Amino acid sequence: MEQMLTDWSEASISSPFAAVTSISPDTELHAYKWSVRINRSDILHWFNTFYVVPSSTPTITMTVWLDLYRSGQCALFDDFVAWQTSGWLVSPLTSCTCPIGLKQYTCKHSVGLGILFNMYQVTDSTLCEPLGKRKGKGRPKKVRTALLL
Ligand SMILES: [Zn+2]
């Protein structure tokens, strides 16, 4: 049993991006849209590859979120609820503490951070999707360049 665990953890170190292959086009599209909309100043680095990102309905700032997380002082129930629904702890392309991330290992946050950090290349069909409505009206915007700014 111990050997199994060792093998497993070593395998996850030598191929940390194994999860990438299981990213569905749908997740990728959500992740891409998320990465375009997210305010980068709302993303806090915690340690190593872990980052804190706001949920879609944050009631506290990410700075407060991280303070609560570090101190472990979510003593008041209201604090805990605010904390639990305001932000997620994300490791790009690896894991996320949001409900979807916990279930599927990949979600728009973990993939989205991968996109923001140029760790993950979105497919052309995903890049075209948000521009679909503008078809025929002049040149398409250079989305890829905008992301690198
Ligand atoms: Zn997530």
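Quick notes
- Verdict on PRO92 being modelled with pLDDT of 90 or more, loosely packed, with under 14 Cβ neighbours inside 10 Å and within 12 Å of the ligand (Cβ to nearest atom): no
- Against the criterion of being small (Gly, Ala, Ser) and at pLDDT 95 or above, GLY101 does not qualify.
- Number of residues in region 47-63 that are part of a strand (DSSP E or B) and within 15 Å of the ligand (Cβ to nearest atom) equals 5.
- Given (1) crowded, with 17+ Cβ neighbours inside 10 Å; (2) away from the ligand (no atom under 16 Å from the Cβ); (3) at pLDDT below 90, number of the condition ALA75 does not satisfy: (1)
- Out of SER110, SER35, one residue alone is in contact with a Ser or Thr (Cβ under 8 Å, 6 or more places away or on another chain), in a helix (DSSP H, G or I) and at pLDDT 90 or above. It is SER110.
The values are calculated or read from the model by the stated rules, or taken from the named source; none is laboratory data. Note that the structure is predicted; figures quoted are calculated from it, not measured. Here Cβ is always computed from backbone atoms with ideal geometry, including for glycine, and neighbour counts include all displayed protein chains.
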